[in-house]
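A.B. asks: Pasting a structure below so you can have a look.
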């Protein structure tokens with residue numbers, strides 16, 4: 001333990017040692033040995049000169065006995081460790097028995113003091129602010145496994161960029177990383193992998209107990225490293241959830257070696273609540289939160305204190321690759337512009353400290369939608385590619401800002417239209433096919449008008465085996481499948497940038513489902529093809545299901561009648577062909593999205609109603625039972641989906657948490 005006397009510029013160092021005699025029998029010896037134990041301690045300055053020394057008087061130690069010793073040292077004019085001057089002391093503790101050396105321990109340690117107060121953060125008694133980056137080890141198919149040389153190259157690159165701190169998030173870092181941080185001058189923030197915790201989990205006593213046990217072992221394992229500056233108690237907390245605040249309090253109170261490091265928790269939504277004994281409060285921002293208007297974070301700083309608030313994670317997703325300039329969102333140029341504006345907004349007096357997320361692209365267990373489709377589940381949010389071969393423009397911009405070198409020019413470019421041509425082409429082809437069918441003869445026109453305007457009469461004709469064209473019905477079924485695929489692919493393509501949509505997918509806990517949705521959201525042509533196949537299969541399955549249901553009625557119902565009824569019940573979907581062509585553009589304009597969603601929902605209800613009408617007409621039974629059982633079946637299917645994912649991954653709890661977080665972010 002360390003204590004500093006600023007007035008006399010002296011440092012008081014307390015060292016404790018545990019000595020255990022593990023000899024189980026005495027060695028036969030003709031000499032009369034005293035078995036005298038002696039401990040000597042040498043402390044060396046960073047320049048390897050002797051700073052302090054002591055030799056413990058001899059003592060006896062019986063077999064299996066444990067002895068604890070305490071030593072105090074006073075170091076005059078100490079060399080303090082800092083990111084600019086990462087000087088470390090070394091201490092060697094030697095144990096001898098009757099003058100014979102039996103054990104020695106050598107350890108390097110930095111001397112520094114890091115404190116937080118309402119007004120400011122101080123390092124060695126001087127004002128200080130974090131200029132950090134998050135680091136998540138990821139090395140292609142090896143995951144977080146890396147050689148010592150790879151570890152050192154990464155830490156060296158972080159230091160050369162100009163950062164003074166590094167946050168190890170979402171995993172337990174290898175201890176060698178912390179030793180490298182000591183040597184290169186980086187403060188290490190270690191974050192316990194607790195993220196996006198549902199409200200019910202936070203209140204669960206078993207979850208709390210497991211978390212406390214984990215965090216105790218976590219801290220004890222890393223406590224010997226001097227670069228260990230702060231412990232994170234989790235991230236994506238919501239200040240409006242009392243259970244989150246209570247969990248943070250209990251985790252903080254269970255920490256061992258409490259005086260050796262600072263504690264912090266990261267909040268999303270821009271709101272923070274004071275928590276007893278918590279040293280720092282992190283705020284997570286994604287996209288342009290607080291960048292264009294810093295009044296929100298300034299109000300939090302005024303309430304909690306400038307020395308208590310920092311940006312724990314500033315994230316910008318890249319999913320559009322490179323472009324002509326930052327006018328195009330989610331490109332490498334836009335990422336560079338974002339971080340340039342970020343560093344400008346939080347520089348000087350407005351700098352509460354920050355961590356940019358993240359140094360390198362990394363892989364995860366789930367596919368990301370908002371980060372772009374990747375077969376290897378690579379998240380494109382880093383300043384440098386995962387293979388370390390490509391340094392993006394954002395890295396160059398940040399490096400120039402932090403090191404004060406020549407300003408990097410980011411091209412504005414021209415905004416390009418990201419609306420896929422496939423939507424227009426497919427829509428026009430569908431319209432052409434419908435036009436050919438309409439002009440192929442009176443039969444299709446009459447059937448279409450009667451099915452759309454007088455569905456009861458139409459389904460009655462189908463029941464009575466009136467002449468229906470199998471050719472027209474089959475072509476119409478294919479068109480309807482493609483129309484539904486076009487609408488769905490347009491919706492998925494629009495939602496690909498929506499983080500709330502991604503959180504809903506992650507709430508299922510299904511790697512395959514998130515991978516499929518990510519694929520079809522970013523591959524519109526493939527999405528139209530595969531979704532068309534899906535809807536064709538769905539139509540066939542629906543026909544088979546209704547045929548099975550016909551076994552429970554007295555009347556004989558032909559499968560051809562069921563097929564015609566199902567296909568022509570969906571004919572209103574043809575009216576959505578023009579909507580499918582422009583749907584993405586309308587949604588992207590974000591002027592009437594809620595009405596678009598409501599319109600599509602009402603359209604789906606209308607088609608469902610027509611389908612139920614077709615069933616009870618061809619079954620020749622009362623409408624009531626068909627409506628009742630159809631609605632029950634729909635509810636059962638939806639409930640089965642929810643219950644399955646609820647039992648496997650607490651789906652409902654995560655959805656509720658996502659809704660609360662989404663509402664908060666909408667207010668910013």
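A.B. asks: May I ask you to list the residues in region 136-162 that are in contact with a helix residue (DSSP H, G or I) (Cβ under 7 Å, 6 or more places away or on another chain) and surrounded by 15 or more Cβ atoms within 10 Å (Cβ to Cβ)?
C.D. replies: Result: 139, 151, 152, 155, 159, 161, 162.
A.B. asks: Now a separate question. What residue, among those in region 546-577 that are within 46 Å of the chain's Cα centre (by Cα) and loosely packed, with under 13 Cβ neighbours inside 10 Å, is farthest from residue 597 (Cα to Cα)?
C.D. replies: Here the answer is 548.
A.B. asks: Which condition from (1) surrounded by fewer than 22 Cβ atoms within 10 Å (Cβ to Cβ); (2) within 31 Å of the chain's Cα centre (by Cα); (3) more than 20 Å from residue 378 (Cα to Cα) is the one that residue 465 breaks?
C.D. replies: Tallying (1) surrounded by fewer than 22 Cβ atoms within 10 Å (Cβ to Cβ); (2) within 31 Å of the chain's Cα centre (by Cα); (3) more than 20 Å from residue 378 (Cα to Cα), residue 465 fails exactly one: (2).
A.B. asks: Give the residue that is farthest from residue 228 (Cα to Cα), with candidates limited to residues of region 169-186 that are surrounded by 17 or more Cβ atoms within 10 Å (Cβ to Cβ) and touching a helix residue (DSSP H, G or I) at 6+ places or on another chain (Cβ under 7 Å).
C.D. replies: 184
A.B. asks: OK, next. Any idea which of 298, 277, 302 is part of a helix (DSSP H, G or I), touching a residue at least 24 places away in the same chain (Cβ under 8 Å) and surrounded by fewer than 17 Cβ atoms within 10 Å (Cβ to Cβ)? Steps first, please.
C.D. replies: Values: 277 fails: part of a helix (DSSP H, G or I); 302 fails: touching a residue at least 24 places away in the same chain (Cβ under 8 Å).
Every option except 298 fails the conditions.
A.B. asks: Right, here's the next one. Somewhere in region 253-265, is a residue surrounded by fewer than 18 Cβ atoms within 10 Å (Cβ to Cβ) and either closer than 26 Å to residue 503 by Cβ or not assigned by the TED database to the domain that holds residue 326 (or both)?
C.D. replies: no
A.B. asks: Looking at the structure I just gave you, is residue 485 in contact with a helix residue (DSSP H, G or I) (Cβ under 7 Å, 6 or more places away or on another chain), farther than 29 Å from residue 654 by Cα and either modelled with pLDDT of 95 or more or in a helix (DSSP H, G or I) (or both)?
C.D. replies: Judged against the criteria, residue 485 is not a match.
A.B. asks: Would you pick out the residues in region 76-99 that are assigned to a strand (DSSP E or B), farther than 19 Å from residue 224 by Cβ and modelled with pLDDT of 85 or more?
C.D. replies: If the condition is that a residue be assigned to a strand (DSSP E or B), farther than 19 Å from residue 224 by Cβ and modelled with pLDDT of 85 or more, then 96 is the only one that fits.
A.B. asks: Looking at region 305-336, which of its residues are buried (at least 20 other Cβ atoms within 10 Å of the Cβ) and over 25 Å from residue 368 (Cβ atoms)?
C.D. replies: If the condition is that a residue be buried (at least 20 other Cβ atoms within 10 Å of the Cβ) and over 25 Å from residue 368 (Cβ atoms), then 306, 307, 308, 309, 310 are the ones that fit.
A.B. asks: Are any residues in region 324-349 out of contact with any helix residue (DSSP H, G or I) (no Cβ under 6 Å at 6 or more places or on another chain), part of a loop (DSSP other than H, G, I, E, B) and more than 12 Å from residue 380 (Cβ to Cβ), and if so, which ones?
C.D. replies: Result: 324, 327, 328, 329, 346, 347.
A.B. asks: A further question on this structure: Does region 489-520 hold any residues that are without any contact (Cβ under 8 Å) to a residue 60 or more places away in the chain and either under 27 Å from residue 561 (Cα atoms) or crowded, with 19+ Cβ neighbours inside 10 Å (or both), and which are they?
C.D. replies: Within region 489-520, 492, 520 qualify.
A.B. asks: On to the next question. Cβ-Cβ under 7 Å, sequence separation 6+ or interchain: first residue in region 76-88 and touching a residue at least 60 places away in the same chain (Cβ under 8 Å) and not assigned by the TED database to the domain that holds residue 164, partner assigned to a loop (DSSP other than H, G, I, E, B) and surrounded by fewer than 16 Cβ atoms within 10 Å (Cβ to Cβ). Which pairs?
C.D. replies: What qualifies is 77/9.
A.B. asks: Right, residue 234: touching a residue at least 12 places away in the same chain (Cβ under 8 Å) and within 16 Å of the chain's Cα centre (by Cα) or not?
C.D. replies: For residue 234, the condition - touching a residue at least 12 places away in the same chain (Cβ under 8 Å) and within 16 Å of the chain's Cα centre (by Cα) - is met.
A.B. asks: Same structure, new question: Tell me, which helices (runs of 4 or more DSSP H) lie completely within region 131-232 with 2 or more residues that are in contact with a strand residue (DSSP E or B) (Cβ under 9 Å, 6 or more places away or on another chain) and over 23 Å from residue 343 (Cα atoms)?
C.D. replies: 175-184, 205-222
A.B. asks: When you scan region 380-457 for helices (runs of 4 or more DSSP H) that lie fully inside it, which ones turn up with 2 or more residues that are without any contact (Cβ under 8 Å) to a residue 12 or more places away in the chain and in the same structural domain as residue 481 (by the TED database)?
C.D. replies: Correct list: 421-438, 442-453.
The values are calculated or read from the model by the stated rules, or taken from the named source; none is laboratory data. What you see is a predicted model, and the numbers here were worked out from it, not measured in a lab. In this analysis, Cβ positions are derived from the backbone assuming ideal geometry, glycine residues included, and neighbour counts consider all displayed protein chains.
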